[in-house]
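J.: One structure, as structure tokens, below. Some questions next.
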Amino acid sequence: MSELTLDVGQANELKLAFRREGPWTNEEIKMLTERKGFLRQVREALLGRAEIKVLEHMIDLDSAPFIPDGWSVEEHQKGGVVKWDATKIALHLDESQTKGDWIDDSKLRKNVAKLSPYNANMLDFLIKKENQHLIPEEWKGRYIFFWGTIYRRFGRGLYVRYLNWSGGRWLWDYHLLSGGWNSDDRALVPASQD
């Protein structure tokens, strides 16, 4: 077996392929070279001696949600067991929000409830370190709310948890329902409202 050489033309072919089949990031390309044995597995698939299987990520929206200390669950809309597919979800804005207006929480809650919003179980699935790669890049800069679970915090006001990108990482936080809502605040709902 001869020694591998990678000339400028081949390096450019790889770069173009990464762009075409992407979006690849420099960090992901680096991961290809750092994970021991991974390129060997890719080669086996390329030579027809192995196959690459896309993992299915199942989320149980019927189970009890995570409850932070001192909180209680006011409402939890179950949603069955769903397979994660970013193409089948939508970031919903109420009509008032699209006009740049602030919207009252009771009106927004009522409108979003009609759309079968995803509950906090989906948030807790996505926030796990091993699943964060599934979060669409375009969600950065937005607040993604999981209206299917409403909490009461320390026996006082009602809150809904959300996901956001902050300080170079994904975090969850919470928002007081009566705190007002604007165009950065999106509700995560199924894309198809059949």
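None of the figures in this text is laboratory data; all of them are computed from the coordinates on show. Worth saying up front: this structure is predicted, and the values here are computed from it rather than measured.
J.: Before anything else, pin down the relative contact order of the chain: Cα pairs under 8 Å, at least 6 apart, normalised by residue count, whole percent.
T.: 23 percent
J.: Now for a separate question. Can you work out the Karplus-derived ³J(HN,Hα) for every residue in segment 37-50? Use 6.51 cos²θ - 1.76 cosθ + 1.60 with θ = phi - 60°, whole Hz, and x for glycine or proline.
T.: My calculation for segment 37-50 gives x, 5, 5, 4, 5, 4, 4, 4, 5, 4, 8, x, 9, 7 Hz in order.
J.: Can you give me the Rg/Rh ratio for the chain, using Cα atoms for both radii and the Kirkwood formula for Rh?
T.: 1.09
J.: Measure up Lys78/Lys99; Lys30/Lys128; Lys83/Lys140 against 28 Å on the Cα-Cα distance and list the ones that go over.
T.: Lys78/Lys99
J.: While we're looking at this one, here's another question. Which value in deg cm²/dmol, rounded to the nearest 500, describes the helix-derived mean residue ellipticity at 222 nm for the chain, given -39,500 (n - 2.57) per DSSP H run of n ≥ 4 and division by the residue count?
T.: Result for the chain: -7500 deg cm²/dmol, rounded to the nearest 500.
J.: Once amide H atoms are placed 1.01 Å from N in the peptide plane, what residues at a sequence separation of 5 or more from Gly180, or on another chain, have their amide H within under 5 Å of its amide H?
T.: Residues meeting the criterion, in which the H sits 1.01 Å from N, are Asp105.
J.: Across segment 75-92, in residue order, what do the Karplus-derived ³J(HN,Hα) couplings come to in whole Hz, using 6.51 cos²θ - 1.76 cosθ + 1.60 with θ = phi - 60° and x for Gly and Pro?
T.: 7, 9, 7, 6, x, x, 9, 10, 8, 5, 8, 4, 6, 10, 10, 9, 9, 8
J.: By how many degrees, between 0 and 90 and to the nearest 10, does the Cα long axis of helix 8-20 differ from the longest principal axis of the chain?
T.: Between helix and principal axis, roughly 30 degrees.
J.: Once each part is reduced to its C-alpha centroid, what is the distance from segment 128-194 to segment 29-100 in angstrom?
T.: Using only Cα atoms, the two centres lie 15 Å from each other.
J.: So, one more: Rounded to the nearest 5, what is the percent of antiparallel bridges among the DSSP beta bridges in the chain?
T.: Of all bridge pairs located within the chain, approximately 90 percent are antiparallel.
J.: Another question, if that's okay. If I take every Cα pair under 8 Å that is 6 or more residues apart in segment 128-184, average their sequence separation and divide by the length, what percent do I get for the relative contact order?
T.: 28 percent
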